[in-house]
Amino acid sequence: MRIVIVEDEVRIREGIAKMIDSQTEHVVQGEAVNGEEGLEMILRFKPDLVITDVRMPKMDGLEMVKNLYERKVPLHAVILSGYSEFEYAQKAVHTKAMEFVLKMDGDEAILEAVNKGYEKLERLYEEKRRLVEQQDRRKEVLPLLKRDCIRELIFNEKWEGKRRQYFTERMSMINDRFVCERNFLLTAVFFES
């Protein structure tokens, strides 16, 4: 997983980077000192995960994350905050693609949040992969389904009960504009050359 760290305190920023490098297989793509620089870096590198402080000069972490979500940049965020700003941070930007960590909870809490982010991203990538596979399978089956439905339409005279329901279901898989009511049958069939 590719990570960008946005933190104005050098010691904390470098410590997080070293911890990630030494304790995980993730790659720190870049480090930024404020939200403005972080935003630029994120848009350029397109990381999977951003670890950001809440309070920073020029642009704070919440404003940066909000800006990224408004731009529909796909990423997971780990928000680091001090105790006094924790509730504020949780209320300001709340999404499933975000973890909140108190700085005083230490390295283990940060690593746990990074791992949660990684697990969420893995599930998301797996869902996308399955969707692509389903679409590919549908593309393979669709011509056969169209052929069978056209044959059914041409050669069968009775459209009652289960036969009608079965045919209607198959046709609606091909074309969502399909309608079959009472004794009327209407469909739009598109032929591709």
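A few notes on this one:
- Per residue value of the accessible surface for the range 1-88 (all protein chains in place, 1.4 Å probe), Å²: 50 Å²
- Neighbour net charge for PRO74 - beta-carbon separation under 11 angstrom, K R +1, D E -1: +3
- The length gained by stretching the chain between LYS58 and GLU70 to full extension, at 0.36 nm per residue less their Cα-Cα distance, is 2.4 nm.
- VAL78 long-range amide H proximity, modeled H, under 5 Å: VAL50, ILE51, THR52, GLU99
- Protection proxy ranking of 53-59, 41-47 - average other beta-carbon atoms within 10 Å, highest first: 53-59, 41-47
- Among 70-80, 128-138, the order from most to least packed when residues are scored by Cβ within 10 Å on average: 70-80, 128-138
- Inter-label distance, LEU124 to LEU43: 2.0 nm, where each label sits 7 Å from its Cα along the C-beta direction.
- Environment charge of GLU112, counting only residues whose C-beta is closer than 15 Å and scoring Lys/Arg +1, Asp/Glu -1: -2
- Around GLU127: net Lys/Arg minus Asp/Glu count, Cβ-Cβ under 12 Å: +2
- Full-extension gain in nm, VAL10 to VAL141, via 0.36 nm per residue minus C-alpha separation: 41.5 nm
The values are calculated or read from the model by the stated rules, or taken from the named source; none is laboratory data. Every value quoted in this text rests on a predicted model; they were computed, and no experiment measured them. Positions of Cβ are generated from backbone atoms using ideal geometry, with glycine treated the same way; all protein chains shown enter the neighbour counts. We work out accessible area using only protein heavy atoms, side chains counted, and drop any ligands, DNA or RNA first. Shrake-Rupley method; radii C 1.70, N 1.55, O 1.52, S 1.80 Å.
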